[in-house]
Amino acid sequence: MEATGFLVPTMLGLFVVGGLALSIERTAPLGVILLAPFVTVIFFYHLLLGGSAIWGFGWAIGLVILAWRYRSGFGGLVNYGRA
């Protein structure tokens, strides 16, 4: 992945933007959405390859707690187009 020359900087940018979005109440749901794919990869890495399932579950539970906390912010995504 590092050999591509763009993937690692893109990931870094998304980590920064997602983290900054989490620090502001209004944009926190966006932060959860941006970080969810990376947390999913971290979860499965620790579960299947890393040998430390507890660590992977910790990150996944943290994301689920954040998603639950900001669940009202996701309404526009699932109710788009409804009158």
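The values are calculated or read from the model by the stated rules, or taken from the named source; none is laboratory data. Just so it is clear, the model here is predicted, and its values are computed rather than measured. Because the Cβ atoms are built from the backbone with ideal geometry, glycine has one as well, and the counts that use them run over all protein chains shown. Remember, those area values only see protein heavy atoms, side chains included, never the ligands or the DNA or RNA. Shrake-Rupley method; radii C 1.70, N 1.55, O 1.52, S 1.80 Å.
Would you please name the residue that is surrounded by the fewest Cβ atoms within 10 Å (Cβ to Cβ), looking only at residues in region 54-83 that are over 15 Å from the mean Cα position of the chain (by Cα) and closer than 17 Å to VAL39 by Cβ? Residue satisfying both the conditions and the ranking: ILE54.
For region 1-15, filtering for residues that are within 12 Å of the chain's Cα centre (by Cα) and over 20 Å from ALA67 (Cβ atoms) leaves 1.
Here are the criteria: (1) closer than 20 Å to MET11 by Cα; (2) touching a residue at least 24 places away in the same chain (Cβ under 8 Å). Tell me which single one TYR70 does not satisfy. Single failed check for TYR70: (1).
Tell me which residues, restricted to region 16-32, are open to solvent by 40 Å² or more (accessible area, probe 1.4 Å), of a type outside the set (S, T, N, Q) and at pLDDT below 95. The answer is LEU22, ILE24, GLU25, ARG26, LEU30.
Please tell me if LEU47 is surrounded by fewer than 15 Cβ atoms within 10 Å (Cβ to Cβ) and either touching a Lys or Arg at 6+ places or on another chain (Cβ under 9 Å) or farther than 28 Å from GLY75 by Cβ (or both). Criteria not met by LEU47.
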